[in-house]
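Novice: One structure follows; several queries about it will come next.
The values are calculated or read from the model by the stated rules, or taken from the named source; none is laboratory data. Just so you know, these numbers come straight off a predicted model, no measurement behind them. Cβ atoms come from the backbone with ideal geometry, glycine included; neighbour counts cover every protein chain shown. Ligands, DNA and RNA are excluded from the accessible area calculation, which covers all protein heavy atoms including side chains. Shrake-Rupley method; radii C 1.70, N 1.55, O 1.52, S 1.80 Å.
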Amino acid sequence: MIKNGFSIKTIEDEKIEGKRVLVRVDFNVSLTDDFTIADDVRIRQAIPTLEYLLKKNNKLILISHLGRPKGRQMHFSLKKVALHLHDLIPQYQVTLVDDFLSESGQKQLANQKEHEIMLLENIRFYPQEKEKSSAFAQKLAQLADMYVNDAFGVCHRSDSSISQIPTFLPSYAGLLLKKEIETISSIVKKVKKPFVAIIGGAKISTKINFLSKLLDVADYVLLGGGLANTFLLTQGLAIGKSLAEKEEADAAKKLLFMAAQKNTAVILPKDAVVGNPSNGKDGGQVVKIEDIPKNASILDIGPQTQAMFSNIISQAKTIIWNGPVGYCENSQFCRGTDFLYYAITQNKNAVSIVGGGDTLATISKKEYLDQITHISTGGGAMLEFIEKGTLPGIEALSQKKS
Ligand code: ADP
Ligand code: MG
């Protein structure tokens, strides 16, 4: 069972041997501009569960999505993921099932061999997935004897393969899901203060609910990235051509007002690096936040902000970080993010949770990863889990038939 009050069975609680097991994994890896795998952490993190089940002679059928395809867009095919998974566990063949609903797909699945893992093609190629279709989940469920959810990063969604399959099959949490739930819930249960949250990334619309909840628990909320720009706008600052969500300006203003009432310090950048996102050579220009030129875009936090944020981070006892504070697709504009990463890893007195697809892609090859208490595969899922204490995908497992 999962600790901390969750009535969920894991794959270790049941004798699962010689079965056909449907495993929902999160192979939603971050992709490069030409749609190759930029970072494989999410694939590697799923391997312990896969190996655990494979050693017990189970036949695995894997379900995952990749990106946000509109229909069958082949650049979002899981083909490259299938090849990469095979590289990671070469003793197993990995077969991509192009369409499990078709006759040939059904035949492929019926003929699954020993040492063969079936990976169903991007589940978001089927509109039913996002429609939370029960009939679609039933078709998936018919492929197997049991269901395992190891896709923490998608558990904040009610998608068919997450929330509906458990109504048809005995369902269990995988090892990664168990680790995510137990670690994050135990850190959040007894937060050691000062609690510092660093929130970056592109947009506030996806994170605004979490930000309001954070005000109740955090002592400092450090904002960077595109997300901070909307807050700068509400302060009456000109941000040139920087990314911002004008429609969220009111919500941002309200949040700053609430923060003042709750005595939580929400801290915005004091300086920025402006430049051209596609210019690889010139690292941009440092300007004070009041002096953003009309035609410029904010692409990173500046050195003064780096110093101010790291100083606060160095005094934290609990740290949560999601979202790069700059346009990290271009390494010239990832210096602020790198700086904060090192500040987090150098604070030996704090427990830290870091998560998010793009966040992981920026840090996954760095030194000192072991200095982070928990690296979460979830971005949105991690934030929502901290906010609500549970997620639709977790609830679906609690109501399972087993
Ligand atoms: P995660 O996947 O870790 O949850 P997000 O998806 O929220 O993170 O945000 C990552 C994205 O935010 C990246 O694509 C990055 O380029 C973008 N971003 C961060 N800062 C800026 C900025 N100043 N301007 C434009 N985009 C930014
Ligand atoms: Mg992202």
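Novice: Using the heavy atoms of the protein chains and a 1.4 angstrom probe, tell me the accessible area per residue for segment 183-376 in square angstrom.
Specialist: Accessible area per residue: 45 Å².
Novice: Straight distance only, please: which lysines reach the Cα of residue 254 with their own Cα at less than 18 Å, same-chain residues fewer than 8 apart left out?
Specialist: Here the lysines satisfying the reach criterion relative to residue 254 are 203, 207, 213, 246, 262.
Novice: Here is a further query. Normalised radius of gyration for the chain, please: alpha carbon Rg relative to 2.2 N^0.38 Å, two decimal places.
Specialist: Output field value: 1.02.
Novice: Long-range amide H contacts for residue 94: which residues qualify at under 5 Å (H placed 1.01 Å from N, peptide plane, sequence gap of 5 or more or a different chain)?
Specialist: Correct list: 117.
Novice: Using 17 Å as the cut-off for backbone N distance, which residues of segment 56-78 belong to the label zone defined by a point 7 Å from the Cα of residue 32 along Cα→Cβ?
Specialist: Once the point is set 7 Å along Cα→Cβ of residue 32, 75-77 turn out to lie under 17 Å by backbone N, inside segment 56-78.
Novice: Obtain the nm distance between the two label points defined at residue 186 and residue 290 by a simple spin-label model: each point lies 7 Å from its Cα along the Cα-to-C-beta direction.
Specialist: With each label placed 7 Å out from Cα toward Cβ, I get 4.9 nm.
Novice: OK, next. Which of rounded, prolate or oblate describes segment 37-149 when judged by the alpha-carbon gyration tensor and an a/c cut-off of 1.5?
Specialist: Taking the square roots of the gyration eigenvalues as a ≥ b ≥ c, segment 37-149 is oblate.
Novice: Just to confirm, what accessible area per residue do you get for segment 9-119 at 1.4 Å probe, in whole Å²?
Specialist: 48 Å²
Novice: While we're on this one: So what J values fall out for segment 58-64 if you push phi through Karplus, 6.51 cos²θ - 1.76 cosθ + 1.60 with θ = phi - 60°, rounded to Hz, Gly and Pro as x?
Specialist: Each residue of segment 58-64 in turn: 8, 9, 9, 10, 9, 10, 8 Hz.
Novice: Just to verify a number: what accessible area does residue 1 come out at with the full protein assembly present, 1.4 Å probe, Å² rounded to tens?
Specialist: Number for this one is 110 Å².
Novice: If exposed trypsin sites (Lys or Arg not before Pro) are those in a DSSP loop with at most 12 other Cβ within 10 Å, what is the longest stretch of the chain that has none?
Specialist: The answer is 193-280.
Novice: Give the calculated FRET efficiency between residue 258 and residue 111 to the nearest 0.05, with a Förster radius of 56 Å applied to their Cβ-Cβ distance.
Specialist: It comes out at approximately 0.45.
Novice: Got a number for carbon plus sulfur as a percent of the chain's accessible area, 1.4 Å probe?
Specialist: 49 percent
Novice: Roughly speaking, what is the centre-to-centre gap between segment 316-332 and segment 47-123 when only Cα atoms are used, to the nearest Å?
Specialist: 32 Å
Novice: In nm, to one decimal, how far is the modelled label at residue 70 from the one at residue 370, with both set 7 Å along Cα→Cβ?
Specialist: 4.7 nm
Novice: Within the chain, what's the longest stretch lacking GluC sites (Glu not before Pro) that sit in DSSP loops with no more than 11 other Cβ atoms inside 10 Å?
Specialist: 115-366
Novice: Moving to a separate point now. In Å and whole numbers, how far do the C-alpha atoms of segment 183-376 stretch along each principal axis, longest first?
Specialist: For segment 183-376, the Cα spread along each principal axis is 46, 39, 25 Å.
Novice: If amide hydrogens are placed 1.01 Å from N in the peptide plane, which non-local residues have theirs closer than 5 Å to the one on residue 62?
Specialist: Those qualifying (amide H under 5 Å, at least 5 residues apart or on another chain) are 23, 118, 119, 120.
Novice: List, in order, the whole-Hz ³J(HN,Hα) value for each residue of segment 296-310 obtained from phi through the Karplus relation with A = 6.51, B = -1.76, C = 1.60 and θ = phi - 60°; use x for Gly and Pro.
Specialist: So the Karplus estimates, Gly and Pro as x, are 9, 10, 6, 10, 6, 7, x, x, 5, 5, 3, 5, 5, 5, 5 Hz.
Novice: I would also like to ask the following. For a Förster distance of 22 Å, can you work out the FRET efficiency between the beta-carbons of residue 1 and residue 89, rounded to the nearest 0.05?
Specialist: So, using R0 = 22 Å, E works out to roughly 0.20.
Novice: Something else now. For segment 312-320, take each phi angle, set θ = phi - 60°, evaluate the Karplus expression 6.51 cos²θ - 1.76 cosθ + 1.60, and give the result in whole Hz per residue in order, putting x for glycine and proline.
Specialist: For segment 312-320, the Karplus curve yields 5, 4, 5, 9, 6, 10, 10, 10, 10 Hz.
Novice: Given R₀ = 60 Å, FRET efficiency for residue 55-residue 212 by Cβ-Cβ distance, to 0.05?
Specialist: The pair residue 55/residue 212 has a calculated efficiency of 0.85.
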